[in-house]
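Enquirer: Sending over a structure as structure tokens; questions will come in a sec.
The values are calculated or read from the model by the stated rules, or taken from the named source; none is laboratory data. The structure displayed is predicted, hence computed values, not measured ones. For neighbour counting, all protein chains shown are included, and Cβ atoms are generated from backbone atoms with ideal geometry for every residue, glycine included. SASA here: full protein model, heavy atoms, side chains in, ligands and nucleic acids out. Shrake-Rupley method; radii C 1.70, N 1.55, O 1.52, S 1.80 Å.
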Amino acid sequence: MLKAAASKYRPFPQIQLPERQWPGRVLSAPPTWCSVDLRDGNQALAVPMNVSQKLELFDALVRCGFKEIEVGFPSASNTEFTFIRRLIEEGRIPDDVTIQVLVQAREDLIDRTVHSLIGAKRSIIHLYNSTSPAQRRVVFGLSQPEIIEVARRGTRWIKDRLPLLSESQVRLEYSPESFSATEVEFSCDICTAVMEVWQPTVEHPIILNLPDTVEVAMPNVYADQIEWMIRHLPHRDRAIISVHTHNDRGTGVAATELALLAGAERVEGTLFGNGERTGNLDLVTVALNLYMHGIDPGLELGDISSLRDVYERCTGMTVPPRQPYAGELVFTAFSGSHQDAIKKGLQAWEKSTESGATPNWDVPYLAIDPADLGREYREVIRVNSQSGKGGVAYLLEREFGIELPKEMQREFGPIANDAVDRLGREVRGEELRAMFWREYVERTSPWKLDEFHVERKGGAVACSAHLRQNGISHQISGEGNGPIASFVHALVRHGVPRFEVVDYREHALGAGEGASAIAYIQIRLADGRALWGAGVDTNMELASIQAILSAVNRSEARPLK
Ligand code: KIV
Ligand code: ZN
């Protein structure tokens, strides 16, 4: 790379737009959406879609609620021509859906394009020619008036052929291609010239699509260009202003959103941002960005994973795991503090909906309720070595109903993290439960319980137990004011180093006949160390006795590997 970048590249010139209005505006309604998946998206595929893939994707777009769908470039490929004819002849286009076709300003191409549309109820013919200084100079070698004449001629050729489509409602879309790299004054002149030929009316407006063909500036500059056009275009009320952004600088979504603030009414793009180079605008993201601000986008994205599957099957592309809303990992929390906050946020959310009210969504780290997209936070949570105690506890509770006491979470969290760290990968709930079992429930060495009996005499309890210590049998007995106290007494009397029980919790694990109970016990040793133990049994009393042994065994053992 050059140290003196300025010797090769220059800043993008500012648009002179005093008192620009868009920065102060707020979006309150969705635009008209137009999917260009079957054209701009398709032309950018290593292996373009075949007719059956295109049909499947077309149906998915219709199900999503797109009312305008660019179905191809019929004069450029036989597959696209055939596909469009099948859509029309097989009656696959719902009455409220308008198909759109792209064409350059060449008479033979326009001829074939018009023929591809015969029989369609509603169509948009999308005419374009390039307008930027580089295209004019390097590619076409034409002056500004000559470039305008190309656009005029193309419009006239389309207009002349309208009688062939007399049974259809036909609209014209004109795109000054590379608009964002074109002088705004010239873009306005060429759009005006096209309008003069087409003669749109307020009732039958033209679509002026102002593309960010190659993203060359920051999104605020594109918004300025759009607002400038809207302010300067003669007969602005006879045009629908459409935007079509690409993503070369990674800000296609932002450019579209700011362009909407600037007054654009229509948005072209593709599902998940497929398209030439860095892609087209990702329509799904813009639509869901509106949704998460409380605006119904008018698209149905409630089963985003199925839509992603259709898209991936048809295009051969994959949606990256971090793709907003649709990516595999966007509802996965890896960080422990995030998991903890999400857990609390979800609990608070559920509580606040109990009264039947619909409070505003306000869950930390989840911009949107995954359920609205047919997704689940639950499905994707995992634990890795960075996950804090909260994440570990949440997973155990959610998957297995193991409700670790807070203090015990502090003890088991780092133990689980170390074990996961040694594995060098994430673990799922089942593996985490196995770690918990190994650390606490299966701690039967050196002491293992074979039998335990209690006898109650008034308020006192006498216990006898049969234990094995490293295989050697021991019969012990003790007294206390309850089974736990009597068992502690028996152990200490039998020579186990003195300890006291400082915390005790229990709860059922599951329901029904085979239900068991889990007990958690914290003991404190004479040296001040506090340790937890856990026991599981169908009998609650036995679970607590097992929990004491678990804690005692842990105090005598080195940490498990
Ligand atoms: O990106 C672009 O400029 C286009 C035009 C044909 C609208 O795709
Ligand atoms: Zn494009």
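Enquirer: I'm told residue 243 meets every condition in (1) in a strand (DSSP E or B); (2) away from ligand 2 (no atom under 16 Å from the Cβ) except one. Can you identify the failing condition by its number?
Expert: (2)
Enquirer: Something else: What pairs come up if the first residue lies in the range 184-203 and is within 14 Å of residue 230 (Cβ to Cβ), the second is hydroxyl-bearing (Ser, Thr, Tyr), and their beta carbons are under 7 Å apart, counting only those six or more places apart or on different chains?
Expert: Short answer, once both residue conditions are applied: 187/131; 191/174.
Enquirer: Then there is this: Have a look at 360, 280 and point out the one that is touching a Gly at 6+ places or on another chain (Cβ under 9 Å) and exposed (fewer than 13 other Cβ atoms within 10 Å of the Cβ).
Expert: Unique residue meeting the criteria: 360.
Enquirer: Also, I was wondering about something else. Report every pair of residues separated by at least 6 positions or lying on different chains whose Cβ atoms are under 9 Å apart, first residue within the range 212-230 and more than 19 Å from residue 191 (Cβ to Cβ) and within 16 Å of ligand 2 (Cβ to nearest atom), second among the hydrophobic types (A, V, I, L, M, F, W, C) and outside any helix (DSSP H, G or I).
Expert: Partner pairs satisfying both residue conditions: 216/12.
Enquirer: Okay, next question. Can you find a residue that is in a helix (DSSP H, G or I) and surrounded by fewer than 17 Cβ atoms within 10 Å (Cβ to Cβ) anywhere in the range 200-215?
Expert: Within the range 200-215, none of the residues are in a helix (DSSP H, G or I) and surrounded by fewer than 17 Cβ atoms within 10 Å (Cβ to Cβ).
Enquirer: Run down 307, 288 and say which single residue is away from ligand 1 (no atom under 16 Å from the Cβ), open to solvent by less than 10 Å² (accessible area, probe 1.4 Å) and within 19 Å of the chain's Cα centre (by Cα).
Expert: 288
Enquirer: Residue 262 fails exactly one of the following numbered conditions: (1) within 15 Å of ligand 2 (Cβ to nearest atom); (2) over 25 Å from residue 48 (Cβ atoms); (3) not β-branched (Val, Ile, Thr). What is the number of that condition?
Expert: Checking residue 262 against (1) within 15 Å of ligand 2 (Cβ to nearest atom); (2) over 25 Å from residue 48 (Cβ atoms); (3) not β-branched (Val, Ile, Thr), the one that fails is (1).
Enquirer: Open to solvent by 60 Å² or more (accessible area, probe 1.4 Å) and assigned to a helix (DSSP H, G or I): which single residue out of 430, 455 fits that description?
Expert: Of the residues listed, the single one that is open to solvent by 60 Å² or more (accessible area, probe 1.4 Å) and assigned to a helix (DSSP H, G or I) is 430.
Enquirer: Just to be sure, is residue 29 part of a loop (DSSP other than H, G, I, E, B) and either within 16 Å of ligand 1 (Cβ to nearest atom) or modelled with pLDDT under 95 (or both)?
Expert: Criteria not met by residue 29.
Enquirer: Take the range 236-260 and flag every residue that is closer than 21 Å to residue 20 by Cα, over 20 Å from the mean Cα position of the chain (by Cα) and surrounded by fewer than 21 Cβ atoms within 10 Å (Cβ to Cβ).
Expert: Within the range 236-260, 236, 237, 240 meet the criteria.
Enquirer: Also, quick follow-up: Kindly establish whether residue 41 is within 16 Å of ligand 2 (Cβ to nearest atom) and on the phi > 0 side of the Ramachandran plot.
Expert: No: the conditions fail for residue 41.
Enquirer: Here are some residues: 172, 164, 233. Which one is open to solvent by less than 30 Å² (accessible area, probe 1.4 Å) and either outside the structural domain of residue 270 (by TED's automatic domain parsing) or within 30 Å of residue 115 (Cβ to Cβ) (or both)?
Expert: Selected residue: 172, the only one of 172, 164, 233 that is open to solvent by less than 30 Å² (accessible area, probe 1.4 Å) and either outside the structural domain of residue 270 (by TED's automatic domain parsing) or within 30 Å of residue 115 (Cβ to Cβ) (or both).
Enquirer: Something else about it: Return the residues of the range 458-492 that are open to solvent by 70 Å² or more (accessible area, probe 1.4 Å), modelled with pLDDT under 95 and either in contact with a strand residue (DSSP E or B) (Cβ under 6 Å, 6 or more places away or on another chain) or under 17 Å from residue 550 (Cβ atoms) (or both); say none if nothing qualifies.
Expert: Of everything in the range 458-492, just one residue is open to solvent by 70 Å² or more (accessible area, probe 1.4 Å), modelled with pLDDT under 95 and either in contact with a strand residue (DSSP E or B) (Cβ under 6 Å, 6 or more places away or on another chain) or under 17 Å from residue 550 (Cβ atoms) (or both), namely 470.
Enquirer: Touching a Lys or Arg at 6+ places or on another chain (Cβ under 8 Å) and among the charged types (D, E, K, R): does that describe residue 257?
Expert: Here the answer is no, as residue 257 does not meet what is asked.
Enquirer: With the requirement that a residue be charged (D, E, K, R), modelled with pLDDT under 90 and outside any helix (DSSP H, G or I), what does the range 386-425 give you?
Expert: The one that is charged (D, E, K, R), modelled with pLDDT under 90 and outside any helix (DSSP H, G or I): 425.
Enquirer: Continuing with the same structure: In the list 66, 81, 140, 58, which residue meets the criterion of being aromatic (Phe, Trp, Tyr), more than 16 Å from ligand 1 (Cβ to nearest atom) and surrounded by fewer than 20 Cβ atoms within 10 Å (Cβ to Cβ)?
Expert: 81
Enquirer: Considering 296, 340, which residue is more than 11 Å from the chain's Cα centre (by Cα), open to solvent by 30 Å² or more (accessible area, probe 1.4 Å) and assigned by TED's automatic domain parsing to the domain that holds residue 66?
Expert: Answer to the selection: 296.
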